[in-house]
1. Tell me which residues, restricted to region 110-129, are among the small types (G, A, S) and outside any helix (DSSP H, G or I).
2. Identify all residues within region 160-181 that are without any contact (Cβ under 8 Å) to a residue 12 or more places away in the chain and within 22 Å of F20 (Cβ to Cβ); write none if there are none.
3. Test of understanding: among S150, S172, which residue is of a type outside the set (V, I, T), closer than 28 Å to A46 by Cα and crowded, with 19+ Cβ neighbours inside 10 Å?
4. Quick one: which helices (runs of 4 or more DSSP H) lie wholly within region 1-109 and hold at least 2 residues that are surrounded by fewer than 21 Cβ atoms within 10 Å (Cβ to Cβ) and at pLDDT 95 or above?
5. Kindly provide the set of residues from region 110-123 that are surrounded by fewer than 16 Cβ atoms within 10 Å (Cβ to Cβ) and either touching a helix residue (DSSP H, G or I) at 6+ places or on another chain (Cβ under 7 Å) or within 14 Å of L24 (Cα to Cα) (or both), ordered by number.
6. Is it the case that some residue within region 89-98 is of a type in the set (G, A, S) and over 19 Å from G42 (Cα atoms)?
7. Regarding region 58-67, can at least one residue be identified that is closer than 24 Å to V5 by Cα and acidic (D, E)?
Amino acid sequence: MSRSVDYYFSVQSPWAFIGFPTFLAAAGRHGARINYKPVLLGELFAETGGMPLAKRHPVRQRYRLVELKRWREARGLDFHLAPAHWPFDPGLVDRMIIAAQLDGDDPAPLVARLGAGVWQRQENLADPTVLAAILAELGLPASLLEAADSDRARCIYQGNHDAALEADVFGSPSYVLDGEVFWGQDRLDFLESALASGRPPVTP
């Protein structure tokens, strides 16, 4: 029987970008369905005791850069550590991903392209004209931008936040399998092992 993974993430997260190809490959190997759940990280941090990057101690900020450089090399990715248009308000782009799902589209190519837009191409994803160009590039309807501002998309976006808290999710990326949270793309080996073995979930 096919299993599903709830994928809580933000396009703003470099870790989500770094881990996405590896996550897709792992899910594909085990026939797992991905439930895409973009979340607003600022609100999630505020409710779970996390801190935005600018408010973290300089020691933590410096170590983050070290880890980004390590994983950039380990994953063979070329990306900017501090993109020109980052951070930005991700609400519209998050809801556009939701709108694509509502339209019946596979979100994976869009999520991958948006991640590249932030971290590699240094595009301003808060600009609707940039988003419209990306939709056109992928052959997706321009109407997804309008749908992103619909009450339904906003309701689902809030629902993702509420579901994240209910699932004990506090950061991006988080992968939830059978109620077990795997936080961070550096936990993908654990997630794949759980998918392969079919073991019961580890709980607190």
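The values are calculated or read from the model by the stated rules, or taken from the named source; none is laboratory data. Being a predicted model, the structure only gives us computed values, none of them experimental. Every residue, glycine as well, gets a Cβ built from its backbone with ideal geometry; the counts of neighbours run over all protein chains shown.
1. A126
2. The answer is none; no residue qualifies.
3. That would be S172, the only listed residue that is of a type outside the set (V, I, T), closer than 28 Å to A46 by Cα and crowded, with 19+ Cβ neighbours inside 10 Å.
4. Passing ranges, in order: 14-29, 58-74, 91-102.
5. Result: A112, single match.
6. No - not one qualifying residue is present in region 89-98.
7. no
Residue-wise test of (1) of a type in the set (G, A, S); (2) touching a Pro at 6+ places or on another chain (Cβ under 7 Å).
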| residue | (1), (2) |
| --- | --- |
| A126 | yes, no |
| L138 | no, yes |
| S143 | yes, no |
| E146 | no, no |
| R154 | no, no |
| F170 | no, no |
